[in-house]
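S.K.: Here's a structure for you.
The values are calculated or read from the model by the stated rules, or taken from the named source; none is laboratory data. Small disclaimer: the values here were computed from a predicted structure and weren't measured. All Cβ positions, glycine included, derive from the backbone under ideal geometry; neighbour counts span all protein chains shown.
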Amino acid sequence: MTPPGPSVPATHLRDLARLRRVRDRIDREYAQPLDVEALASGIGMSAGHLSRQFKLAYGESPYAYLMTRRIERAMALLRRGDLSVTEVCFTVGCASLGTFSTRFTELVGMSPSAYRTRETGATAGIPSCVAKQVTRPIRNREAPAGEPHLD
C-alpha cells in the first residue's frame with residue numbers, strides 16, 4: 001500500500017467544505033422540503049456518500065440534523081404560545097404531525113403540547129442568545145427518561 005500523497009488532505013478539506021455547505025443549507029432552509037438526494041445533488045455527491053460522510057463529520061445523519069434544526073425552531077415557536085402544535089409542525093417544514101411529535105418527544109423528553117403548556121413564556125425577559133442555549137434539544141442521544149438516581 002502506498003502512503004497517501006499530497007492530494008489526500010486537499011480532497012479531505014474539499015469534502016469538509018462541501019459538507020459545511022450542506023449543513024449551512026439545512027440551517028437556512030430547514031422549513032423547506034429537503035431530502036438527502038437534493039442535498040447531495042447540490043454538492044455533486046451521491047446520497048449514500050453524503051450520508052456516510054456527514055455522519056462521520058457531525059455525528060448524525062443529514063436527516064437527523066435537519067430534524068434537530070426543525071425541533072429547535074419548533075421549541076421557540078411553542079414557547080411563544082400563539083400557534084397550535086399542528087401549525088408549528090407545518091411552519092418548521094414537517095409534513096407529518098406524527099413524525100414531528102415522535103421526534104420532538106425523543107429529543108425534548110415530552111410531547112410538543114406538554115412542552116407548549118409548560119414553557120409558554122418561560123424565556124420571557126431572557127436574551128434570545130441565552131434562551132437558545134438553555135432550551136437546545138439534546139443531540140445524538142435521547143432525552144433522559146427520568147431524573148437520575150443518586151445513591
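S.K.: Under the condition of being at pLDDT 95 or above and β-branched (Val, Ile, Thr), which residue from the stretch 1-35 is farthest from Arg70 (Cα to Cα)?
M.R.: Going through the qualifying residues, I end up with Val22.
S.K.: Kindly indicate which of Ser84, Ser46, Ser41 is in the same structural domain as Pro112 (by TED's automatic domain parsing), out of contact with any strand residue (DSSP E or B) (no Cβ under 6 Å at 6 or more places or on another chain), free of Cβ contacts under 8 Å to residues at least 24 places away in the same chain and hydroxyl-bearing (Ser, Thr, Tyr).
M.R.: Within the list Ser84, Ser46, Ser41, the selection yields Ser84.
S.K.: Return the residue satisfying two criteria in turn: it lies in the stretch 115-125 and is surrounded by 15 or more Cβ atoms within 10 Å (Cβ to Cβ) and in a helix (DSSP H, G or I), and of such residues it is modelled with the lowest pLDDT.
M.R.: The extreme case among them is Glu119.
S.K.: On the given criteria, is Thr102 at pLDDT 90 or above and under 17 Å from the mean Cα position of the chain (by Cα)?
M.R.: Here the answer is yes, as Thr102 does meet what is asked.
S.K.: Within the stretch 141-150, is there a residue that is touching an Asp or Glu at 6+ places or on another chain (Cβ under 6 Å) and modelled with pLDDT under 90?
M.R.: yes
S.K.: Within the set of pairs 6 or more residues apart or between chains, which connect a residue that is at positive phi inside the stretch 52-78 to a residue that is surrounded by fewer than 18 Cβ atoms within 10 Å (Cβ to Cβ) with Cβ atoms less than 6 Å apart?
M.R.: Between residues of the stretch 52-78 that are at positive phi and residues that are surrounded by fewer than 18 Cβ atoms within 10 Å (Cβ to Cβ), the close pairs are Gly59/Asn140.
S.K.: Can I ask one more? Restricting to helices (runs of 4 or more DSSP H) lying wholly in the stretch 1-108: which have 1 or more residues that are closer than 30 Å to Glu119 by Cα and out of contact with any Leu (no Cβ under 7 Å at 6 or more places or on another chain)?
M.R.: 7-29, 47-58, 62-80, 85-91, 97-108
S.K.: Does Leu78 count as surrounded by 14 or more Cβ atoms within 10 Å (Cβ to Cβ) and over 16 Å from the mean Cα position of the chain (by Cα)?
M.R.: The answer is yes for Leu78.
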